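Taking it in order: structure first as structure tokens, then the write-up.
Throughout, read-outs are computed from the coordinates displayed, never taken from laboratory work. Given the structure is predicted, the values throughout are model-derived calculations rather than measurements. Virtual Cβ from ideal backbone geometry, glycine too; neighbours counted across all protein chains shown.
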Amino acid sequence: MAACLANDLGLPINEPFLVDLDPAWVETIPDPSVQQVLRNSADVGFASKAAGAQWKPWLRTDALTAERQPAALAILAFDAYIENDDRKLGNPNCLIKGDEFRIIDHELAFGIRLRLFPRPEPWRLGYLQRLVGPDGHIFGAKLKGLDLDFERLRRAWADLPDDRLTTYVTALPQEWTVAAQAAEAALTHILAVRDRIDDCLTELKRVLT
């Protein structure tokens, strides 16, 4: 669902795939621990195409140049609004080549039902303050205080159509039915963010001022 949403928002991701985990192939894996994990998993997994050797991980010493700032802002908002706290300096989950980014690994996003205190409400005053803290988002502190254009970001979220968002759930494989409630909760959250995108951006602007 994160890959689908990122694609519709025009964010830079690697091409996603559904992968059949053939039992005969699983038995050929030499690492017993990995083999056991796959035996216990669904028969269909998620994967992304490798970016290529020319990409490198984002480092805290990398500069957020003017050319990089619009994409960095869109990525920051994306992570803030899908409840993805796993793009930090110690684990950037972001690749870079020149002024291009690729964002990877969103398996910790959308933990909506697990977050009750505080509730996942990115439009609420103070909710996104963690983005610019010492253990915050990789782009949080670097974007703080800059003159940023939020209008393109607002349009991208506001223009997400209901029928397209619904396909994020209906396209999930039947093998993942155990996650059906989590998927529905994620969809409800995305719809709420879209419908309250002005409030969400007000909070994001506040923490970046």
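Out of all the residues in the range 151-166, which are part of a helix (DSSP H, G or I) and exposed (fewer than 15 other Cβ atoms within 10 Å of the Cβ)?
Selection gives Glu151, Arg152, Arg155, Ala158, Asp162, Asp163, Arg164, Thr166.
Within the range 17-30, track down each residue that is touching a residue at least 12 places away in the same chain (Cβ under 8 Å) and either touching a Cys at 6+ places or on another chain (Cβ under 8 Å) or aromatic (Phe, Trp, Tyr) (or both).
Hit for the range 17-30 is Phe17, nothing else.
May I ask you to verify whether Tyr127 is within 18 Å of the chain's Cα centre (by Cα) and outside any helix (DSSP H, G or I)?
yes
May I ask you to list the residues in the range 31-46 that are surrounded by 12 or more Cβ atoms within 10 Å (Cβ to Cβ) and free of Cβ contacts under 8 Å to residues at least 12 places away in the same chain?
The answer is Gln35, Gln36, Val37.
Of all residues in the range 1-30 being of a type in the set (S, T, N, Q) and surrounded by fewer than 14 Cβ atoms within 10 Å (Cβ to Cβ), which is nearest to Asp79 (Cα to Cα)? Quick ask: steps written out before the conclusion?
Within the range 1-30, the first condition is being of a type in the set (S, T, N, Q), and the residues that meet it are 7, 14, 28.
From what is left, the residues that are surrounded by fewer than 14 Cβ atoms within 10 Å (Cβ to Cβ) are 7, 28.
Values: Asn7: 14, Thr28: 37 Å.
In this case the residue turns out to be Asn7.
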